[in-house]
Amino acid sequence: MKTKNNYKYLALTLLLAPGLVLAAELNQANTAWILTSTALVLFMTIPGLSLFYAGLVRSKNVLSVLMQCFAITCLISILWLAGAYSLIFSDGGELQKYLGGMSKAFLPDISTASLTGDIPETLYFMFQMTFAIITPALIVGAFAERMKFSAMLWFSGLWLCLVYVPICHWIWGGGWLASLGAMDFAGGIVIHINAGVAALVSALVIGKRKGFPTTAMPPHNMTMVVTGAGMLWVGWFGFNAGSALTSDGRAGMAMLVTHIGAAAGSLTWMTIEWVRYGKPSVLGIVTGMVAGLGTITPASGFVGPAGALAIGITAGIVCFYATQFVKRKLIIDDSLDVFPVHGIGGITGSLLTGVFADISLGGIGLADGVTISHQVGVQALAILTTIAWSGMFSYLILKVLDNFIGLRVTSDEEVQGLDQVLHEETGYLDI
């Protein structure tokens, strides 16, 4: 009975439209935690992801990456207010299975007394907005160092509306995948698979950087990379533990398993490199951390510490070899490894959620009558649907933009660097 009640609570708070979750009064403890979590998730994009990505590119493109992440934060925030939030989290009437309505566009009826569950709706709006911000920002890593700034803005805005909004509604807004029982606690499907697939499509459509793969393109500032990675790790606690929407044991367990997943992914990736190449690399350990975090994300509210350890180790192995395969075998220039780390990690974690959520393996338990094989099947359906939708519409958006404004800078401009070409600035002064 306890397992059944836990599952029902999570289903109400995470899978149904928030307008359906009613509370008699505001809970100050939960509100304080989600206020903190919202700041942590925004911290993941600016400055965390911004610094992580900026350090990975060449010095002539460092400002362009920082600018892209910053501009995406601003653009997505306005689009979220204008209708993206409403299309996900308001009642869509007869179309509710597929899309919400526009009753919450520009938040016409919201006040300081408006609640979603037992927290202010303004806060829920902000919390979910930070998730919407980081998702297109992740895609930046796939086309870094060669996409026009204008094309990046158009792609990010259109992608939010045509890809992120429907998929998020299907999973978190009470849509058809939610009704089937798809489990995605904090965004393995909605964010990591979604962004990862879009990243792979972007890399294929826009093409390789000039000189790839014969010219070495090492990170220009590993200190910046590690600093950004540390910020991502800390911010991820808001990402995953905040998704409990409560300041209780559920949030505590989500935080614990998130940390274990990150640590296991880091050590696993580092060990593989150490055995294979003779030395453990700094880039390897921080990349393994991101892989571990992305992979534990969908499972973070459903599994226990042992499950998190298994998921983290699996993430380090699978994402390491996926990165090698994409770069060395397929020769695809996904510049900062978005698909093999986030996409493959999200797929792996989403499937393993259906396994390690079972109470026999230390999880909170599946719904009554649901077996591991059935839940994994539901997870696989959600994954395949996301891959198909994100892949198709990402491709269409990119091809349309390429026809109208062009996607990438010229060959000479790419050699000169995007900082000077697009912004007439430089990240470093020559001394």
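Among the numbered conditions (1) open to solvent by 30 Å² or more (accessible area, probe 1.4 Å); (2) more than 24 Å from LEU180 (Cα to Cα); (3) aromatic (Phe, Trp, Tyr), the only one that PHE356 does not meet is (2). Checked against (1) touching a Ser or Thr at 6+ places or on another chain (Cβ under 8 Å); (2) of a type in the set (Val, Ile, Thr); (3) free of Cβ contacts under 8 Å to residues at least 60 places away in the same chain; (4) under 23 Å from ILE383 (Cβ atoms), ILE285 passes all but a single condition, namely (4). For the residues ALA199, ALA203, ALA195, ALA186, the requirement of being more than 13 Å from the chain's Cα centre (by Cα) and either at pLDDT below 95 or of a type in the set (Gly, Ala, Ser) (or both) singles out ALA203.
If we scan segment 29-45, do we find a residue that is touching a Cys at 6+ places or on another chain (Cβ under 7 Å), at pLDDT 95 or above and either at negative phi or not in a helix (DSSP H, G or I) (or both)?
Kept after step one, since they are touching a Cys at 6+ places or on another chain (Cβ under 7 Å), are these residues of segment 29-45: 45.
Keeping just the survivors that are at pLDDT 95 or above gives 45.
Within this subset, residues satisfying the condition of being either at negative phi or not in a helix (DSSP H, G or I) (or both) are 45.
The answer is yes, given that some residue of segment 29-45 is touching a Cys at 6+ places or on another chain (Cβ under 7 Å), at pLDDT 95 or above and either at negative phi or not in a helix (DSSP H, G or I) (or both).
Could you say whether any residue in segment 322-337 is of a type outside the set (A, V, I, L, M), surrounded by 22 or more Cβ atoms within 10 Å (Cβ to Cβ) and free of Cβ contacts under 8 Å to residues at least 60 places away in the same chain? No, every residue in segment 322-337 fails to be of a type outside the set (A, V, I, L, M), surrounded by 22 or more Cβ atoms within 10 Å (Cβ to Cβ) and free of Cβ contacts under 8 Å to residues at least 60 places away in the same chain.
Taking the conditions (1) in contact (Cβ under 8 Å) with a residue 12 or more places away in the chain; (2) part of a helix (DSSP H, G or I); (3) open to solvent by 50 Å² or more (accessible area, probe 1.4 Å) in turn, LEU99 satisfies each one other than (2). The set of residues from segment 267-290 being more than 17 Å from VAL225 (Cα to Cα), open to solvent by less than 60 Å² (accessible area, probe 1.4 Å) and part of a helix (DSSP H, G or I) comprises THR268, ILE272, GLU273.
Only a single criterion out of (1) surrounded by fewer than 22 Cβ atoms within 10 Å (Cβ to Cβ); (2) in a loop (DSSP other than H, G, I, E, B); (3) in contact with a helix residue (DSSP H, G or I) (Cβ under 9 Å, 6 or more places away or on another chain) is not satisfied by GLY369, namely (3). If you go through segment 295-321 and keep only what is of a type outside the set (S, T, N, Q), touching a Ser or Thr at 6+ places or on another chain (Cβ under 9 Å) and under 29 Å from VAL57 (Cβ atoms), you end up with ILE296, PRO298, GLY312, ALA315, GLY316, ILE317, VAL318, CYS319, PHE320.
The values are calculated or read from the model by the stated rules, or taken from the named source; none is laboratory data. The model shown is predicted, which means the values in this text are computed figures rather than measured ones. Methodologically, a virtual Cβ is constructed for each residue, glycine included, from the backbone with ideal geometry; neighbour enumeration extends over all protein chains shown. The accessibility values were calculated without ligands, DNA or RNA, using every heavy atom of the protein model including side chains. Shrake-Rupley method; radii C 1.70, N 1.55, O 1.52, S 1.80 Å.
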